[in-house]
Structures are given as C-alpha cells and as structure tokens.
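Beneath this line is the structure, given in structure tokens, with notes to follow.
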Amino acid sequence: MIISSAFAQTAPAGGDSGFIGLLPIVLMFVLLYFLMIRPQMKRAKEAKAMIEALQKGDEVITAGGVLGRITKMSDAYVSLEIAPNTEIAVQKSAVQVLLPKGTIKSIQ
C-alpha cells in the first residue's frame, strides 16, 4: 500500500522521564515566585506598615500627588492640610509617601 503502518513508540525503561519533563515547568514557577510575587508581597507589607505608623503632623504625598500635613486621623480616613485653613479628607490607603519633617517648609 501507499500508506505505511504506524507503530506506537514505547516509553523508556526508567520512570524518571515524567519528572524530567516537568522540571522546566517547576523551575519557571519558582523563578516567577522569586522575581515577581515575592517582591510584590514585600512592597505591600512595607506600605501597610507605613500606613499603620502614620501620626498627626506627618507630611505625606497622596496617590494623586497632593502634598499635605496630617491634621486628623480616623480608622479609614486622614485629613490633610494642603494650604493654610484648607483641609481635605483622603483614605489612608491613598497615602503613598511619608516625607521627612520640614519638607513642606523647604518647598514653599
């Protein structure tokens, strides 16, 4: 005939071929964990610690780029003085950067 018969290939005698085949996939997941997931978890932990350590009088920058001094605090919100006699309320999670004391005076 024109088409020859196809025969199935037999597996090698050793049972290690399954593990060796999965090794690159396992190594990719380990690499993904150490390059992407772990640093992201570390940054999230640092941001949470910074937000919990906020106090009245701290100078901060919000996610929207607003610079201000904390005047009041509640469980979920902080009041920022952004100009004399001008206060806004923002969520604590919107605070991105804690600035050194005196930064606002040095900018003005």
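The values are calculated or read from the model by the stated rules, or taken from the named source; none is laboratory data. None of the values given here were measured: they were computed from a predicted structure. For neighbour counting, all protein chains shown are included, and Cβ atoms are generated from backbone atoms with ideal geometry for every residue, glycine included.
Is it true that residue 93 is polar (S, T, N, Q), out of contact with any Gly (no Cβ under 9 Å at 6 or more places or on another chain) and touching a residue at least 24 places away in the same chain (Cβ under 8 Å)? Let's see the steps before the verdict.
Working: polar (S, T, N, Q): yes; out of contact with any Gly (no Cβ under 9 Å at 6 or more places or on another chain): yes; touching a residue at least 24 places away in the same chain (Cβ under 8 Å): yes.
Yes; evaluated as a whole, the condition is true for this residue.
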Open item on the list: Tell me the residue from 95, 26, 30 that is touching a Leu at 6+ places or on another chain (Cβ under 8 Å) and either at pLDDT 95 or above or β-branched (Val, Ile, Thr) (or both), please.
Closed with: 95
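Residues are listed down the side, and each one gets a yes or a no for (1) under 20 Å from residue 46 (Cα atoms); (2) small (Gly, Ala, Ser); (3) not assigned by TED's automatic domain parsing to the domain that holds residue 49:
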position	(1), (2), (3)
65	yes, yes, yes
76	yes, yes, yes
81	no, no, yes
85	no, no, yes
98	yes, no, yes
Open item on the list: Kindly evaluate residue 9 against the criterion of being modelled with pLDDT of 90 or more and either under 30 Å from residue 70 (Cβ atoms) or assigned to a loop (DSSP other than H, G, I, E, B) (or both).
Closed with: no
Task: Members of segment 56-67 found to be closer than 16 Å to residue 104 by Cα, free of Cβ contacts under 8 Å to residues at least 40 places away in the same chain and under 24 Å from the mean Cα position of the chain (by Cα), listed by number - done: 60, 61, 62, 65, 66
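If we keep just the residues of segment 24-64 that are of a type in the set (Lys, Arg) and assigned to a helix (DSSP H, G or I), which is farthest from residue 92 (Cα to Cα)?
Across segment 24-64, the extreme among qualifying residues is 38.
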